[in-house]
Amino acid sequence: MKKDNERKYFNFAADLKYAKMIEKLKKEKNAILLAHYYQIPEIQDIADYIGDSLGLSQIASETKSELIVFAGVHFMAETAKILNPKTKVILPDLEAGCSLADSCPADEFKIFKEKYPDHIVISYINCTAEIKTMSDVICTSGNAVQIVESFPKEQKIIFAPDKNLGAYINGLTGRNMLLWDGTCEVHDILSTEAIINLKVANIDAKLVAHPECKSAVLELADFVGSTTAMLKFTRTDKARRFIIASETGLLHQMKKESPDKDFIIVPTDETCSCNDCLYMKKNTMEKLYLSMKNETPEIILSDETIEKAKIPIIRMLEISRKLNLIKK
Ligand code: 13P
Ligand code: SF4
């Protein structure tokens with residue numbers, strides 16, 4: 001399945017042509033192009049802002065542009081719409097979903113939540129707008145520990161949808177949050193055996209991992225953090241070589257920011273080292289150009305969903321500002 005996706009989206013001459021047309025459309029339409037670090041390098045290079053989910057949410061909430069073009073996945077574009085409802089938000093491919101968001105269907109989560117009326121709900125931002133409407137506060141990988149710690153120790157908490165991130169936070173904070181059984185199919189399959197082999201073969205390299213990885217992987221890691229945090233770590237740490245347990249797109253910025261350092265991506269198994277998120281990679285330069293030209297596909301949400309889903313996201317941004325995790 002992974003092999004089908006291998007760089008078939010790459011065509012240098014065509015991408016250069018699209019890059020020029022996209023730049024022109026940005027000016028004509030007063031549009032802002034936001035991109036996640038897992039996007040293809042060509043898209044990252046023409047974005048107005050590249051970031052993790054936390055940074056992207058903040059920019060989406062503050063921009064005065066007339067069109068938000070979201071080069072990321074559906075829940076990210078939805079979050080931008082919730083935070084900036086008067087602005088048109090487009091996503092180059094509506095099928096750019098997320099296995100983690102899909103692992104938490106709203107009807108099943110509602111039944112689960114009703115069983116624990118004395119629990120509050122902290123949801124990872126990788127969930128649908130509907131799950132957000134059922135949440136008390138949202139978190140991202142960039143602020144999850146601090147958001148959980150902002151509640152008293154005795155507070156009962158349901159954490160959804162990522163069980164790996166939830167277990168990691170439980171371990172760090174000594175809490176016992178109830179975890180929804182969801183995972184990211186990209187991070188959850190990273191092979192512990194491959195990591196051990198890589199560590200043995202590269203003893204000078206530090207292992208850097210996203211908290212969506214399994215606990216066995218996180219226990220081996222020298223650093224665990226969001227995409228932005230991993231990028232900062234590889235830029236500022238003294239080590240010259242790093243093993244990266246995350247998605248391949250992140251290596252583009254790592255190499256740009258630290259051209260003198262080496263990065264080794266963790267393979268998913270012994271036959272494939274292409275841990276692309278197939279959802280993130282749905283967006284191509286051609287689709288990006290066409291979506292900007294036609295201003296479709298647009299993210300549409302009901303006013304009621306926007307109003308309800310906004311409350312826990314704003315709460316997250318407020319806590320993050322107070323703790324200086326994002327700029328005021
Ligand atoms: P970050 O917020 O760390 O960028 O993670 C988003 C994501 O989808 C990781 O799989
Ligand atoms: Fe979702 Fe995983 Fe892809 Fe991130 S990498 S968008 S969590 S499927």
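The values are calculated or read from the model by the stated rules, or taken from the named source; none is laboratory data. Not measured: the values here are computed from a predicted model. Positions of Cβ are backbone-derived with ideal geometry, glycine not excepted, and every protein chain shown enters the neighbour counts.
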### Message
Looking at region 84-105 only, could you name the residues that are within 16 Å of ligand 1 (Cβ to nearest atom), in a loop (DSSP other than H, G, I, E, B) and out of contact with any helix residue (DSSP H, G or I) (no Cβ under 8 Å at 6 or more places or on another chain)?
### Response
Ser103
#### Entry: Any chance Val200 is of a type in the set (A, V, I, L, M) and either assigned to a loop (DSSP other than H, G, I, E, B) or crowded, with 24+ Cβ neighbours inside 10 Å (or both)
no
### Task
Say whether the condition of being within 13 Å of ligand 1 (Cβ to nearest atom), crowded, with 20+ Cβ neighbours inside 10 Å, over 16 Å from Asn126 (Cβ atoms) and among the β-branched types (Val, Ile, Thr) is met by at least one residue in region 229-238.
no
### Query
Quick check: is even one residue across region 112-122 under 17 Å from the mean Cα position of the chain (by Cα) and either surrounded by 18 or more Cβ atoms within 10 Å (Cβ to Cβ) or small (Gly, Ala, Ser) (or both)?
yes
### Message
Scan region 112-119 and tell me whether some residue there is touching a residue at least 40 places away in the same chain (Cβ under 8 Å), more than 20 Å from Tyr279 (Cα to Cα) and among the charged types (D, E, K, R).
### Response
yes
### Message
If Lys81 meets every condition in (1) surrounded by 24 or more Cβ atoms within 10 Å (Cβ to Cβ); (2) away from ligand 1 (no atom under 16 Å from the Cβ); (3) in a loop (DSSP other than H, G, I, E, B) apart from one, which number is that one?
### Response
(3)
### Query
Pick from Ile22, Ile68: which is in contact (Cβ under 8 Å) with a residue 40 or more places away in the chain and more than 15 Å from ligand 1 (Cβ to nearest atom)?
Ile22
#### Entry: Among (1) modelled with pLDDT of 95 or more; (2) of a type outside the set (Val, Ile, Thr); (3) more than 22 Å from Ala14 (Cα to Cα), the one test that Leu91 misses
(3)
### Query
Can you name every residue in region 116-142 that is farther than 21 Å from Gly97 by Cβ and within 13 Å of ligand 1 (Cβ to nearest atom)?
Gly142
### Message
When you check Ser226 against the structure, is it within 16 Å of ligand 1 (Cβ to nearest atom), buried (at least 18 other Cβ atoms within 10 Å of the Cβ), more than 28 Å from Asp136 (Cβ to Cβ) and within 19 Å of the chain's Cα centre (by Cα), yes or no?
### Response
no
#### Entry: Selection status of Phe70, within 16 Å of ligand 2 (Cβ to nearest atom), in contact with a Cys (Cβ under 7 Å, 6 or more places away or on another chain) and closer than 20 Å to Cys139 by Cα
no
### Query
Hey, among the residues in region 149-173 that are polar (S, T, N, Q) and in a loop (DSSP other than H, G, I, E, B), which one's surrounded by the fewest Cβ atoms within 10 Å (Cβ to Cβ)?
Gln155
